[in-house]
Amino acid sequence: MSINAFQLARFSAVFVILAALFWGLSGGVAALLMAFGWDALVVSFYRGAIGLILVLGWLALRPQRSGLGQWRLWFWSAIAGAGVAGNFSFYFLSINEGSVAVAATLMYCAPVFVYLVSFVCRLETPNLTKWAAMLVVMIGVVLLTGIYAQDAGFTSRLGITAGLLSGLSYAVFIFGFKYAAPHGSPQAILSIALAVLVLILIGLVDIEQALAVPGSSSWPLFAVLGIFGGGVSFILYIVGLKHTLPSVAAVVAMVEPVTASLFGVIVLNQGLTGIQIIGMTLILVTVTLLSIYSGRRRTNGN
């Protein structure tokens, strides 16, 4: 029995939801590992390294039209790899300096950075709607982080900066992946990107602590983080995105920060104030609507 277009779209949306769910849970798992004393860079390294093994397996299963002979594929995939290395590392550092909910929401600001870079590169035309959305997101960030207070606020300045840099790094990953896509397969792009991540972080991690991971009692958590947060999630997202409307993908992407926030509140006992919840809501709703708006304009060719 053949699968019709509606069923295909539904299954694809489920894949995207699962990917976002796994990404959300990865923040919580990373928070647990760092609470056990593991360094944020070591956690990021293992997330990427284990993910790389899975993605290489995916590439081996589908080597056709990989594009590995194209230098442009390697160049833009390396840019994407630098972006994902920064995204993982700054995200976990932000969690370590604040809370999972705040870090995940700040990272969710990535589409705003995409727009800003697009404005600078003249890939997008600024308009009142886009600027208004960015202003609302900025207000949300202020409320979420408490930087308006005279003291350090709800989150340290380092945590705020790292969270925003994780979003910026994710924007770099998006651009790198976008420009690499015409030159090779998704699995080839991800393989190169994660390999670059491993090469970058291996020169920055505490080698002694990194070597201690396989024999530690925390190894199962590292495995879960790498398999689901670094490998399976990317594969599910890319496969699901092929048959999922941009507007649908934008909405279900909210699963990641919501899942991360719930994990932080329920499992890690990281509470949120009413002001923070208002700020988080402003960011999530505005960024989602902005992504839907952007997707519709691209679909309509505007």
Mind counting the residues in the stretch 118-148 that are in contact with a helix residue (DSSP H, G or I) (Cβ under 8 Å, 6 or more places away or on another chain) and either surrounded by 16 or more Cβ atoms within 10 Å (Cβ to Cβ) or under 15 Å from Met280 (Cα atoms) (or both)? 15
Looking only at the stretch 42-58, and only at residues there that are in contact with a Phe, Trp or Tyr (Cβ under 8 Å, 6 or more places away or on another chain) and farther than 12 Å from Ala193 by Cα, the one that is surrounded by the most Cβ atoms within 10 Å (Cβ to Cβ): Val43
Is it the case that Ala101 is part of a helix (DSSP H, G or I), under 20 Å from Tyr46 (Cβ atoms) and under 18 Å from the mean Cα position of the chain (by Cα)? no
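Given the criteria within 29 Å of Gly48 (Cα to Cα), in a helix (DSSP H, G or I) and among the aromatic types (Phe, Trp, Tyr), does Phe90 qualify? Before you say what the answer is, go through the steps one by one.
Numbers: within 29 Å of Gly48 (Cα to Cα): yes; in a helix (DSSP H, G or I): yes; among the aromatic types (Phe, Trp, Tyr): yes.
Yes: the conditions hold for Phe90.
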Answer from Ile95, Ile79, Ile139 - the residue that is touching a residue at least 40 places away in the same chain (Cβ under 8 Å), more than 22 Å from Ser261 (Cα to Cα) and not aromatic (Phe, Trp, Tyr): Ile79
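Among the residues that make up the stretch 66-83, is at least one of them of a type in the set (D, E, K, R), in a loop (DSSP other than H, G, I, E, B), surrounded by fewer than 24 Cβ atoms within 10 Å (Cβ to Cβ) and out of contact with any strand residue (DSSP E or B) (no Cβ under 8 Å at 6 or more places or on another chain)? Explain how you work it out, then say what you get.
Step one: of the stretch 66-83, the residues of a type in the set (D, E, K, R) are 72.
Still in the running and in a loop (DSSP other than H, G, I, E, B): none.
No, every residue in the stretch 66-83 fails to be of a type in the set (D, E, K, R), in a loop (DSSP other than H, G, I, E, B), surrounded by fewer than 24 Cβ atoms within 10 Å (Cβ to Cβ) and out of contact with any strand residue (DSSP E or B) (no Cβ under 8 Å at 6 or more places or on another chain).
Quick note: the coordinates plus some simple rules give every number you see, no bench work behind them. Computed from a prediction, not measured in an experiment: that's the story for all the values here. Glycine also receives a Cβ, built like all others from the backbone with ideal geometry; neighbour counts cover every protein chain displayed.
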